[in-house]
Amino acid sequence: MVMKIIGWTTIGFLICSFVYQTTVQTGRASFYHNKFEGKRTSSGEVFRQDSLTAAHKNLPFGTRLRVKNLKNDSIVIVKVNDRLSQKSGHIIDLSLKAAQKLNFVQHGITTVTIEKIN
């Protein structure tokens, strides 16, 4: 009986850890090149640099994310409307407007945390 409880507790902990890891991620962020302006995203929406949108590897389209720049603590809320390549070393690709709000346009790349908020 004790082994069953320990086993179920361990499984519960692993599931909770997995859920937490999938809702908060830390990694590198970049922003879209201007050549994508007006092109269709993977979701079918037209990409606009002046929108607060992002590409992510696997989160559903329409997911809202709180993105925090760890170098200056600035925060922006974006909507996922495009796919990031599975081979990318980044966790998110942002519109120019989102990058401006996070104050990393001059650097091109920054370290962020992303948190699913819906």
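Throughout, read-outs are computed from the coordinates displayed, never taken from laboratory work. Source: prediction; values computed, not measured. Quick reminder, even Gly has a Cβ in these numbers, built from the backbone with ideal geometry, and neighbours come from all protein chains shown.
Report those strands (runs of 3 or more DSSP E) wholly inside segment 74-118 carrying at least 1 residues which are more than 27 Å from Gly44 (Cβ to Cβ) and under 13 Å from the mean Cα position of the chain (by Cα). Show your work before the answer.
Working: elements: 75-83, 92-94, 110-116.
The qualifying strands (runs of 3 or more DSSP E) are 75-83, 110-116.
If you go through segment 91-118 one residue at a time, how many are crowded, with 19+ Cβ neighbours inside 10 Å and within 17 Å of Gln25 (Cα to Cα)? Give the derivation first.
Within segment 91-118, the subset crowded, with 19+ Cβ neighbours inside 10 Å is 91-95, 98-99, 101-102, 104, 110, 112, 114.
In the following step, the residues that additionally are within 17 Å of Gln25 (Cα to Cα) were identified as 91-94, 102, 110, 112, 114.
The number of residues fulfilling the criteria is 8.
Exactly one residue among Lys35, Lys68 is in a helix (DSSP H, G or I) and of a type in the set (D, E, K, R), and that residue is Lys35.
For segment 56-96, give me each residue that is among the aliphatic types (A, V, I, L, M) and in contact with a His (Cβ under 9 Å, 6 or more places away or on another chain).
Selection gives Leu65, Val80, Leu84, Ile91, Ile92.
Checking each residue in segment 37-65 for being out of contact with any Ser or Thr (no Cβ under 8 Å at 6 or more places or on another chain), of a type outside the set (Ser, Thr, Tyr) and surrounded by 15 or more Cβ atoms within 10 Å (Cβ to Cβ) picks out Leu59, Arg64, Leu65.
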